[in-house]
Amino acid sequence: MIVTVASGKGGTGKTTVAVNLAVTAAEAIRATQLVIAPENPENFVELIDCDVEEPNAHLFVKPQNVVKQEISTMVPAVDMALCTLCEECEKICRFSAITMIAKKIMIFPEMCHSCKGCSMVCPTGAIKESSRVLGSLLTGQSSHGFNLTWGELRVGEAMSPPLIKQVKKTITCRSGRGNSISEDINNKLSIVDAPPGTSCPAVTTLRSSDFALLVAEETPFGLNDLALTVEALKKLGVPMGIVINRADSEQKGIIDDYAEKENIEIMQRVPFSREAAKICSKGLLLVNELPEMKQCFKELYLKIVSRITQNAKESKYKKTFTKTATSSSDNSIVGRS
Amino acid sequence: MKELTVISGKGGTGKTSVTASIASLAEKRVVIDADVDAANLFLTLEHNLIETEQFQGGYKAEINPELCIGCKECFKRCQFDAIFEEITENIIPKLSKQKDEQIRDNRISPKFAIDPIACEGCGVCVHFCPTGAISFERQICGEKYISITANGPMVHARLGIAEENSGLLVSQLRQRAREMAKEQKIPLIITDGPPGIGCPVIASISNADALLIVTEPALSAIHDMKRVIKLGRQMNAAIYVCINKADLNKEISENIKEFCFDNNIKFAGEIPFDRAVVESMKMGKALVTYSDGAASKAVKEVWENVRLFMGDTMERVF
């Protein structure tokens with residue numbers, strides 16, 4: 001099960017919610033206070049930070065044994081000895097990444113989208129594969145009993161979606177939605193931290209999520225951007241719920257009115273406090289520092305679990321969250337392929 | 001003409017609130033909202049819309065099921081997993097009766113379709129389709145606007161839901177703003193940038209004279225600020241830093257100031273946490289026109305400093 005934490009507006013608290021939720025879920029599983037008792041509690045939860053432009057989850061999780069891997073994308077290189085200057089490559093390229101200037105083929109690697117069109121049309125095989133570094137893929141273990149994986153876009157690189165796709169490939173649990181996968185939807189919980197906005201990076205991250213948890217703040221900016229994200233999720237067909245962060249009071253506000261109109265559940269209100277802001281600013285976890293926050297995130301986690309169970313029952317997939325989660329460990333291996 | 005871009009790396013540090021205020025303080029300027037997929041500046045700056053124009057983004061491929069012979073050429077070549085086998089049931093309604101019968105008789109199958117969200121618009125499938133079944137149209141991906149505000153024009157946009165090409169849209173907005181500045185002899189362009197360091201950010205800061213980074217006293221904001229400073233230096237822009245909500249963690253605020261000093265970055269000031277910021281936003285006004293409190297005073301000071309620094313930039317660049 002892939003739960004993606006998103007918001008249109010930046011700085012609403014996506015990362016705060018994602019890391020605290022991951023710690024809460026991992027603890028709840030270990031304590032087996034819940035109906036779910038997977039065979040492999042240590043591997044039940046994973047956190048994936050897809051905000052590759054500005055990844056922050058690792059600052060809170062402080063993972064150990066971090067492994068770093070460089071991620072590149074294909075860009076063309078021309079063997080001028082084979083090139084006949086037919087210009088076919090220039091004709092097919094939609095991104096002005098390859099062009100003929102003064103009887104020489106020039107390549108602009110940073111414009112290239114790696115569609116490989118140039119090498120496919122080249123009649124003499126003069127186009128070879130070179131590469132451009134997109135950034136790094138990092139993975140490490142949290143002392144709270146889950147793995148954190150994140151991407152780090154190289155500073156100066158413009159395209160984050162190809163790196164986000166690579167980060168998403170590491171998700172060990174497969175989505176029950178999209179494609180044709182339906183068997184192993186529920187045996188793991190992957191919490192994904194999404195980038196802000198409603199454009200390619202956010203959409204790339206949110207595609208094929210089972211559930212989106214939207215972190216909203218009760219300001220006109222917050223409402224405007226929340227509505228944009230909701231529209232994007234409707235287009236993608238991802239079910240969603242809202243967490244109101246830095247809520248001023250228990251009283252209903254503009255986000256509640258909007259949620260009611262759109263028929264979206266408000267799953268939790270995380271109250272504003274200067275103390276909480278200070279804890280987050282130091283890179284500490286709210287659930288470790290404040291007992292009321294621990295309770296708050298536990299409630300949120302339980303609500304998400306029950307909501308997902310309900311969704312699974314309602315959907316065409318036969319297996320429910322509890323059933324597959326308690327079933328044999330075979331399923332957890334399937335997800336890795 | 002000078003160009004100042006307000007960025008932050010991390011989202012939600014207060015770029016738009018600061019931009020709205022300095023756009024209200026600068027006597028004559030063009031202001032751009034370059035955060036095109038979550039635009040907010042129009043909510044906090046009183047304006048009158050005077051011009052709307054469609055934004056033409058990239059191309060999208062679409063397969064005509066009538067012409068598709070299921071040869072898999074497109075499917076094999078697409079690098080973006082955008083082409084998938086469609087279940088015949090789904091496409092039957094779209095087809096003619098004759099084709100319908102052919103499918104039922106298993107004479108043709110399977111069919112392919114393109115997921116418009118995954119399509120990168122590279123046109124490789126279009127080129128290789130043997131039956132010309134794939135159409136390739138330029139998409140309308142949003143709208144560009146020009147509005148009139150108290151101290152000059154505002155150039156803004158709305159990118160369509162889940163659309164791409166935000167970098168191209170930002171470049172077009174900046175081009176339009178430059179033209180207007182030239183025509184109307186306006187000396188300053190202020191750009192409200194998007195969060196992150198990716199394509200719309202690069203489009204927002206390329207060729208800018210100076211960047212004002214709005215950060216906040218949190219480890220995550222510092223981490224993101226450092227990345228955006230590195231980007232700004234690669235693009236040869238002068239860099240200034242101000243701290244928003246500076247009193248939420250004074251110790252970290254001091255560290256940021258020290259960092260700026262050590263790295264030869266001009267420090268433009270500290271803005272305290274103030275409820276008036278959100279209140280002004282709720283009233284649809286810029287902070288400096290709504291309140292005269294602590295944050296409002298601090299923003300005015302930041303602007304005075306940035307103006308002084310920009311003077312230097314002017315001499316250095318021209």
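The values are calculated or read from the model by the stated rules, or taken from the named source; none is laboratory data. As the structure is a computational prediction, the values presented were derived from the model and not from experiment. Please note: Cβ atoms are built from the backbone with ideal geometry, for glycine as well, and neighbour counts cover all protein chains shown. Accessible surface is based on the protein model in full, side chains and every heavy atom, while ligands, DNA and RNA are left aside. Shrake-Rupley method; radii C 1.70, N 1.55, O 1.52, S 1.80 Å.
Candidates A:A77, A:A97: the one that is away from chain B (no Cβ under 11 Å), open to solvent by less than 60 Å² (accessible area, probe 1.4 Å) and either of a type in the set (F, W, Y) or within 26 Å of B:C199 (Cβ to Cβ) (or both) is A:A77.
Table: residues versus (1) in contact (Cβ under 8 Å) with a residue 12 or more places away in the chain; (2) touching a Pro at 6+ places or on another chain (Cβ under 7 Å); (3) crowded, with 21+ Cβ neighbours inside 10 Å.
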{"position": "B:M225", "(1), (2), (3)": "yes, no, yes"}
{"position": "B:N244", "(1), (2), (3)": "yes, no, yes"}
{"position": "B:D247", "(1), (2), (3)": "yes, yes, no"}
{"position": "B:F259", "(1), (2), (3)": "yes, no, no"}
{"position": "B:D262", "(1), (2), (3)": "no, no, no"}
{"position": "B:A268", "(1), (2), (3)": "yes, no, yes"}
{"position": "B:I271", "(1), (2), (3)": "yes, no, yes"}
{"position": "B:G284", "(1), (2), (3)": "yes, no, no"}
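Look at the stretch A:137-164: where a residue is on the phi > 0 side of the Ramachandran plot and of a type outside the set (A, V, I, L, M) and a partner is surrounded by fewer than 18 Cβ atoms within 10 Å (Cβ to Cβ) and assigned to a loop (DSSP other than H, G, I, E, B), sitting 6+ places away or on another chain with Cβ atoms under 9 Å, you get A:G156/B:M235. Suppose we keep only residues that are over 29 Å from A:C280 (Cβ atoms) and in a helix (DSSP H, G or I) within the stretch A:52-90. Which one would you say is farthest from the chain's Cα centre (by Cα)? So, considering only residues that are over 29 Å from A:C280 (Cβ atoms) and in a helix (DSSP H, G or I), the one farthest from the chain's Cα centre (by Cα) is A:E88.
Checking the stretch B:136-156 against the condition returns a match, with at least one residue being in a strand (DSSP E or B), out of contact with any helix residue (DSSP H, G or I) (no Cβ under 7 Å at 6 or more places or on another chain) and among the acidic types (D, E).
Counting only residues that are touching a Leu at 6+ places or on another chain (Cβ under 7 Å), under 14 Å from A:L82 (Cα atoms) and open to solvent by 50 Å² or more (accessible area, probe 1.4 Å), the stretch A:100-139 holds 2 of them.
Within the stretch A:235-260, being touching a Leu at 6+ places or on another chain (Cβ under 8 Å) and open to solvent by less than 10 Å² (accessible area, probe 1.4 Å) holds for A:V238, A:G241, A:I242, A:V243, A:I255.
Checked against (1) open to solvent by less than 10 Å² (accessible area, probe 1.4 Å); (2) assigned to a loop (DSSP other than H, G, I, E, B); (3) over 19 Å from B:V299 (Cα atoms), B:G57 passes all but condition (2).
If the condition is being touching a strand residue (DSSP E or B) at 6+ places or on another chain (Cβ under 7 Å), under 11 Å from A:G11 (Cβ atoms) and assigned to a helix (DSSP H, G or I), then the stretch B:213-231 contributes only B:A221. Selection within the stretch B:204-219: residues that are within 10 Å of chain A (Cβ to nearest Cβ) and buried (at least 24 other Cβ atoms within 10 Å of the Cβ). The member of this set that is farthest from B:E3 (Cα to Cα) is B:A218.
Residues in the stretch A:200-236 that are among the small types (G, A, S) and not in a helix (DSSP H, G or I): A:S208, A:S209, A:A212, A:A216.
Residues that are within 14 Å of another protein chain (Cβ to nearest Cβ), buried (at least 19 other Cβ atoms within 10 Å of the Cβ) and either touching a Lys or Arg at 6+ places or on another chain (Cβ under 9 Å) or not acidic (D, E) (or both) within the stretch B:127-163 comprise B:C129, B:I134, B:C141, B:G142, B:H156, B:A157, B:R158, B:L159, B:G160, B:I161, B:A162, listed in sequence order. Of all the residues in the stretch B:70-89, those that are within 13 Å of another protein chain (Cβ to nearest Cβ) and either modelled with pLDDT of 90 or more or open to solvent by 80 Å² or more (accessible area, probe 1.4 Å) (or both) number 13.
As a summary of the residue check, B:F75 satisfies the conditions (1) among the aromatic types (F, W, Y); (2) free of Cβ contacts under 8 Å to residues at least 60 places away in the same chain; (3) within 30 Å of B:T215 (Cβ to Cβ) except for the one numbered (3).
Just one residue in the set B:L4, B:L67, B:L49 is at pLDDT below 95, on the phi < 0 side of the Ramachandran plot and out of contact with any helix residue (DSSP H, G or I) (no Cβ under 6 Å at 6 or more places or on another chain); that residue is B:L67.
In the stretch A:246-261 there is no residue that is within 20 Å of B:G142 (Cα to Cα) and in contact (Cβ under 8 Å) with a residue 24 or more places away in the chain.
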